[in-house]
Amino acid sequence: MVTIFGRRGIGKSALGAKVVDALSRDSSYFRGIVNLSSRVDGAITVERIFFSCCHLAPVAEREALHGLWGRHRSVRDKLTDLFEALGAERRILVVLDNFEDHLRSDGRLRDSDLAPFFDVIFRLPNAPRVLVTTQIPLALDPAFRRFEARLHLRQGLPIDDSVDLLLELDHDGTAGLTEASREELVLAADRLHGVPRALELIVGAIANDHLTLPTLNEIIDDYASRGSIVEQLAQRNLYELSEEERLTLDVLAVFRSPVTPEAVGWVMGPLTPGMDPARALARLADRYMVTRDPRTRTFTLHPMDADLAYAALDEHNPWGRRVLERRVAAWYAQQRQPQPWRSVDDVVQHRLEFEHRLRAEDYDDAVLLLDEIGEFLLWQGSVREVVNMYLAVGPKLRSDEGRLAYLIGLGLARHVGGPVADAVHLLEESLRLAERLPDRRQLSRALFSLGDLFRQTRQLQDAKRLLSRAADVAREVGDRYHEDHALLCLSLTHSYLGEAEAALEVADRLDRLAGETSDPMTRARASDARSAAYVVAGRWSEAIQAATESISAYQTAGVPEALGYARNTMGVAQLGMGLVDEAVHTLRQAWVEGRDVQIPRVQGMALYNTAWAHWTETRYEQAREVAGQAVAVFKVGGGVDGEVAQGLVRAVTARVAGELATTSTILREVAALSRGNTDLVPATWLEAEAERLAAETEQEDTTEGSAS
């Protein structure tokens with residue numbers, strides 16, 4: 001016997017039908033197939049099985065076989081006589097579809113009438129083979145388990161197959177799915193977990209609801225609350241659960257991920273004293289209402305069952321949705337890993353807690369939690385994720401503290417990932433709010449974030465003022481992390497202004513801080529600041545050495561966000577030494593590091609500098625192509641650097657066309673735009689090239705005049 005089992009609607013019958021169709025094409029093994037379903041033909045009985053098998057015999061033999069049923073013998077003997085009479089050469093496949101209708105919640109037969117059949121098929125060599133589809137497998141005598149193979153159908157259809165099924169179901173366009181975008185169809189398939197019956201039901205709900213005329217997105221959003229759909233998707237055993245089992249199921253629905261009995265017990269503890277979740281989990285697993293992983297000792301609900309159970313949670317119960325969400329959030333709060341963190345894996349518990357705070361509608365608590373980890377996640381490269389988390393809570397905040405955390409956090413994320421214009425608005429508002437509130441740490445962060453943004457947008461005097469104050473306030477409150485970050489950006493601001501000595505003095509302050517704390521991050525920032533200052537001073541070998549030290553320290557600190565910046569500086573210094581091939585390789589690494597952490601500015605700078613490297617080797621077509629890539633990347637983040645890259649594209653185009661005077665003019669314009677950003681190749685290099693081309697043009701004009 002082969003048993004295909006799984007939740008309602010997962011596609012067990014469809015898979016069984018596929019198997020039968022494949023077997024029916026090859027008559028070398030099975031001479032006939034009996035297909036019985038309690039949903040189509042009524043109750044499955046031994047009598048129906050007996051006479052259906054008889055019908056597969058030649059017409060001349062059927063009357064004799066029918067006569068076997070009338071003999072005064074046990075059902076077991078009648079079945080034995082039948083299968084012996086059919087013989088091994090006429091082996092039969094018996095398909096029992098939707099067999100859960102004949103089973104109790106523990107898998108035992110509801111009616112002992114069928115027991116002889118299952119006894120005979122496991123004992124008689126000539127008995128039929130059996131294919132069973134059921135929500136829960138038949139509970140067999142342990143001695144018979146070696147004769148059964150089980151396939152637990154846990155997952156629905158793959159996304160592409162689900163989309164194809166949706167389109168097939170709406171082949172005439174009645175539900176409007178043929179006009180939906182692929183993104184909408186993929187979202188629907190994912191939201192319904194690829195469960196075939198769910199896909200069928202939502203198409204029917206759209207096509208047949210002539211009153212409210214729901215869209216695909218509307219149906220997907222609330223399918224778990226639509227009674228007509230729930231009735232056909234909910235597990236039958238759901239209505240047979242005890243209060244203890246139902247609450248345990250609800251807790252699993254709130255967790256939405258594999259969870260240990262200890263976690264379930266902790267959540268339920270104060271809500272239901274005296275209940276035993278471990279016992280309830282065992283019973284639910286016995287009924288195949290939940291899945292148990294013996295290796296991790298965890299239990300989980302099928303995601304569709306979680307959707308349905310979650311939608312049914314009653315807000316008015318002592319253990320309603322918000323209460324359970326808060327308890328689960330509190331569980332994850334207890335599991336948090338303390339600092340220092342080295343990777344995004346170290347803050348998984350924080351992020352899970354955030355999700356449950358969000359679902360509990362405790363938005364201010366959620367944003368204050370995000371405030372603890374948001375900046376760390378940005379430096380690990382999770383920019384899009386952080387932006388989405390802030391956007392999820394922003395419109396619903398009530399407290400000034402929550403609003404301030406939101407403005408700073410989202411402003412910093414927009415600063416890193418763009419667009420810069422959004423970051424300016426957010427951070428200016430954050431500073432106004434921070435000045436009114438007593439939290440000096442948040443004031444320091446607001447000052448730093450806006451100051452660093454002003455550095456990037458070339459408002460350098462304002463940047464110096466804000467960053468200097470940010471460092472002072474951070475030192476006042478003992479926030480060494482933000483103190484040294486503010487000092488790094490202050491040093492870079494001096495470098496942008498061409499004030500190399502002042503930049504090195506701030507780098508010295510960072511060195512002293514690093515000596516006090518022995519923090520590799522502070523050491524990395526000190527070297528980072530020093531490398532930029534050396535580039536401004538034209539001390540190329542020292543810049544390369546400082547950048548190398550910075551990269552090593554950032555790697556030790558586990559901060560991938562900063563690697564691209566430091567490596568970009570190294571590439572510029574290598575160009576300064578005439579090491580063009582080495583510089584192109586280094587800048588390529590910087591671009592990859594910027595891409596990996598979702599920072600378009602790093603990618604754009606590395607591409608722009610690479611384009612200039614190609615220019616110096618007269619590889620003008622490559623220079624134009626790479627500069628064009630820089631333009632596209634800078635557009636994501638915004639800011640003046642995109643204009644710089646666009647200017648270089650124009651300059652290369654003029655150079656390829658042989659328009660030397662035009663090229664010279666454009667290079668001067670690009671130099672003026674790029675001045676004040678030491679992350680780009682020095683403006684003086686572009687000016688020198690402009691002068692060279694101008695001189696070459698003048699010489700050509702003189703030569704032509706002499707010839708005339």
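Remarks
- Separation of the stretch 434-511 and the stretch 357-410, taken as the distance between their Cα centroids, equals 23 angstrom.
- Dipole axis of the chain (+1 Lys, Arg; -1 Asp, Glu on Cβ), positive-most option in 43, 585, 376: 43
- Anchor residue 635: lysines whose Cα lies under 28 Å away (excluding residues fewer than 8 positions away in-chain): 464
- At R0 = 60 Å, FRET efficiency that the Cβ-Cβ distance of residue 28 and residue 396 yields, to 0.05: 0.35
- Surface accessible to a 1.4 Å probe, residue 31 within the full protein complex, Å²: 140
- Debye, to nearest 20: dipole size of the chain, +1 on Lys, Arg Cβ, -1 on Asp, Glu Cβ: 2400
- Net charge contributed by nearby residues that have their C-beta within less than 12 Å of residue 443 (K/R +1, D/E -1): +1
- Extending 7 Å from Cα along the Cβ direction at residue 77 and again at residue 635 yields two label points whose distance is 8.7 nm.
- Estimated dipole of the stretch 388-499 in Debye, rounded to 20 [Cβ of Lys and Arg +1, of Asp and Glu -1, Cα centre]: 160
- Projected-area average for the stretch 32-94 over all orientations - Cα convex hull basis, square nanometres: 4.3
- Amide hydrogen neighbours beyond the local backbone of residue 132, cut-off 5 Å, H modeled: 2, 3, 4, 96
- From phi via Karplus (6.51, -1.76, 1.60), per-residue ³J(HN,Hα) for the stretch 168-180 in Hz, x at Gly/Pro: 5, 5, 10, 4, 9, x, 4, 8, x, 6, 5, 9, 6
- With every protein chain in place, the stretch 351-440: carbon and sulfur % of accessible area (1.4 Å): 47
- Backbone HN-Hα couplings from phi across the stretch 622-627 [Karplus 6.51/-1.76/1.60, Hz, Gly and Pro as x]: 5, 4, 5, 5, 5, 4
- For the pair residue 85 and residue 101, the difference between a 0.36 nm per residue extended length and the Cα-Cα distance amounts to 2.7 nm.
- Amide hydrogen neighbours beyond the local backbone of residue 337, cut-off 5 Å, H modeled: 349, 350
- Value at 222 nm in deg cm²/dmol, rounded to 500, when DSSP H runs of n ≥ 4 in the chain each add -39,500 (n - 2.57): -21000 deg cm²/dmol
- Relative contact order [Cα under 8 Å, 6+ residues apart], the chain, whole percent: 7
- Qualifying GluC sites (Glu not before Pro) in the stretch 601-655, where qualification requires a DSSP coil assignment and no more than 15 other C-beta atoms within 10 Å, comprise 617.
- With Cα atoms, 0 to 90° folded angle of helix 420-436 axis to the chain main axis: 80
- Rolling a 1.4 Å probe across the protein heavy atoms gives the stretch 16-74 an accessible surface of 63 Å² per residue.
- Simple label model, 7 Å out from Cα along Cβ direction - residue 437 to residue 315, nm: 2.8
- Neighbourhood charge, 12 Å Cβ-Cβ cut-off, centred on residue 602 and excluding it, Lys, Arg +1 and Asp, Glu -1: -2
- Solvent exposure of the stretch 547-673 as accessible area per residue, Å², 1.4 Å probe: 37
- Here's the picture: charge each Lys and Arg Cβ at +1 and each Asp and Glu Cβ at -1 in the chain, and of 298, 125, 474 the one pushed furthest to the positive end of that dipole is 125.
- Each Lys and Arg Cβ is given +1 and each Asp and Glu Cβ -1; about its Cα centre, the stretch 30-149 then shows a dipole of about 200 debye.
- Cα-projected label distance for residue 295 with residue 388, points at 7 Å along beta-carbon direction, nm: 2.7
- Kirkwood radius for the stretch 182-339, taken over all pairs of different Cα atoms as the inverse mean of 1/r, rounds to 16.9 Å.
- Across the options 594, 75, 280, the greatest Cα extent toward the positive end of the charge dipole of the chain (unit charges at beta carbon of Lys, Arg, Asp, Glu) belongs to 75.
- Between residue 619 and residue 669, the C-beta separation translates, for a Förster distance of 30 Å, into a calculated FRET efficiency of about 0.85.
- Given a 1.4 Å probe and the protein chains as shown, residue 319 ends up with an accessible area of around 50 Å².
- Accessible heavy-atom area order of 78, 396, highest first, probe of 1.4 Å: 396, 78
- Distance between the C-alpha centres of the stretch 276-321 and the stretch 641-688: 64 Å, rounded to the whole angstrom.
- For the chain, projected area of the alpha-carbon convex hull averaged over all directions, nm²: 45.4
- Sorting 94, 584 by accessible area puts them as 584, 94; the probe is 1.4 Å, largest comes first, and only protein heavy atoms count.
- Protein heavy-atom surface of the stretch 476-530, 1.4 angstrom probe: 46% of the accessible area is carbon and sulfur, with nucleic acids and ligands not counted.
- Karplus (6.51, -1.76, 1.60) ³J(HN,Hα), θ = phi - 60°, over the stretch 282-298, in Hz, Gly and Pro reported as x: 4, 5, 5, 5, 4, 8, 6, 7, 10, 10, 10, 9, x, 6, 9, 6, 10
- Interatomic Cα distance distribution for the stretch 493-561, bins of 10 angstrom, percent: 26, 51, 23, 0
- Normalised by 2.2 N^0.38 Å, where N is the number of residues, the alpha-carbon radius of gyration of the stretch 449-538 equals 0.98.
- Counting only alpha carbon atoms, the long axis of helix 59-69 and the longest principal axis of the chain meet at about 80°.
- Estimated FRET transfer efficiency (residue 592, residue 64; beta-carbon r; R0 56 Å; 0.05): 0.10
- Using heavy atoms of the protein chains and a probe of 1.4 Å, the accessible area assigned to residue 370 is about 0 Å².
- Three principal axis lengths of the stretch 39-194 [C-alpha, angstrom, descending]: 65, 39, 27
- Theoretical gain in end-to-end length, residue 518 to residue 322 [0.36 nm per residue, Cα-Cα removed]: 66.1 nm
- Protein-only accessible surface order, largest first, of 51, 99, 376 at 1.4 Å: 51, 376, 99
- Accessible surface, per residue, of the stretch 216-310 when the full set of protein chains is kept, probe 1.4 Å, Å²: 43
- Length added when fully stretched, residue 212-residue 145, from 0.36 nm per residue minus Cα-Cα: 19.0 nm
- Accessible surface of the stretch 247-306 [probe 1.4 Å, protein heavy atoms]: carbon and sulfur percent: 55
- Between the stretch 172-245 and the stretch 554-615, the C-alpha centres lie 49 angstrom from each other.
The values are calculated or read from the model by the stated rules, or taken from the named source; none is laboratory data. It should be emphasised that the depicted structure is a prediction, and the values quoted were computed from it without experimental measurement. Reconstructed Cβ throughout: ideal geometry from the backbone, glycine too, with neighbour counts over all protein chains shown. Just so you know, the surface numbers come from the protein's heavy atoms only, side chains and all, with ligands and any DNA or RNA stripped out. Shrake-Rupley method; radii C 1.70, N 1.55, O 1.52, S 1.80 Å.
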